[in-house]
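Peer 1: Quick one: this structure, given as structure tokens, is what I'll be asking you about.
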């Protein structure tokens with residue numbers, strides 16, 4: 001740090017957010033994706049997400065947990081798995097699930113599906129797809145999501161707008177369908193259903 005710069009006062013950041021009419025309190029930390037609030041892409045996704053009350057859900061790449069915590073409130077009779085390859089993200093996601101009364105959610109370390117039990121099946125897989133992970137990993141996530149969904153289950157994603165054609169193509173190849181749910185200037189929410 002250069003002379004004269006002031007270090008941040010706190011290692012942790014705390015804020016409140018209203019999502020789908022529900023008040024949430026979150027704690028995050030520097031170094032995680034969008035630590036100062038819910039990013040625009042995730043907000044767009046959460047506004048549109050359709051979640052049955054008893055859904056078994058997977059938040060793929062959960063970060064500090066805004067999607068998983070929202071899913072847990074939208075599916076009070078369901079269960080939510082929150083996975084991320086970053087152990088710091090998993091710690092904060094679990095802390096945020098507990099702080100927001102999400103007894104039906106748990107966060108754990110998994111590189112994609114690597115530590116999701118082989119026999120687990122889901123009604124929803126939801127992800128804010130990172131823009132820079134590469135086509136091979138995104139293809140794998142979509143293929144594995146299809147395999148892990150119950151018939152009638154859905155994969156919901158938000159991506160930067162520049163990936164919308166790629167997502168459309170891979171959804172159609174993998175699921176046989178694609179629906180663009182909402183597009184903003186910067187992001188696109190899309191979903192596909194397993195037949």
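The values are calculated or read from the model by the stated rules, or taken from the named source; none is laboratory data. Just so you know, these numbers come straight off a predicted model, no measurement behind them. Because the Cβ atoms are built from the backbone with ideal geometry, glycine has one as well, and the counts that use them run over all protein chains shown.
Peer 1: Inspect all residues belonging to the range 84-92 and state whether any of them is surrounded by 16 or more Cβ atoms within 10 Å (Cβ to Cβ), in contact with a strand residue (DSSP E or B) (Cβ under 6 Å, 6 or more places away or on another chain) and at pLDDT below 95.
Peer 2: The answer is no; no qualifying residue exists.
Peer 1: Mind listing whichever residues of the range 23-49 are surrounded by fewer than 13 Cβ atoms within 10 Å (Cβ to Cβ) and at pLDDT below 95?
Peer 2: Passing the criteria: 30, 31, 36.
Peer 1: Given the conditions (1) more than 22 Å from residue 18 (Cα to Cα); (2) at pLDDT 95 or above; (3) touching a helix residue (DSSP H, G or I) at 6+ places or on another chain (Cβ under 8 Å); (4) not in a helix (DSSP H, G or I), and given that residue 123 satisfies all but one, which numbered condition is not satisfied?
Peer 2: With (1) more than 22 Å from residue 18 (Cα to Cα); (2) at pLDDT 95 or above; (3) touching a helix residue (DSSP H, G or I) at 6+ places or on another chain (Cβ under 8 Å); (4) not in a helix (DSSP H, G or I) applied to residue 123, the lone miss is (3).
Peer 1: Hey, another quick one. For the range 132-141, state whether one or more residues are surrounded by 14 or more Cβ atoms within 10 Å (Cβ to Cβ), in contact (Cβ under 8 Å) with a residue 40 or more places away in the chain and either touching a helix residue (DSSP H, G or I) at 6+ places or on another chain (Cβ under 8 Å) or under 27 Å from residue 27 (Cα atoms) (or both).
Peer 2: There is no residue in the range 132-141 that is surrounded by 14 or more Cβ atoms within 10 Å (Cβ to Cβ), in contact (Cβ under 8 Å) with a residue 40 or more places away in the chain and either touching a helix residue (DSSP H, G or I) at 6+ places or on another chain (Cβ under 8 Å) or under 27 Å from residue 27 (Cα atoms) (or both).
Peer 1: Also, quick follow-up: Which condition number does residue 161 fail, the rest of (1) in contact with a strand residue (DSSP E or B) (Cβ under 8 Å, 6 or more places away or on another chain); (2) crowded, with 19+ Cβ neighbours inside 10 Å; (3) modelled with pLDDT under 95 being met?
Peer 2: (2)
Peer 1: Return the residues of the range 155-181 that are touching a residue at least 60 places away in the same chain (Cβ under 8 Å) and either over 15 Å from residue 129 (Cα atoms) or assigned to a helix (DSSP H, G or I) (or both); say none if nothing qualifies.
Peer 2: 181
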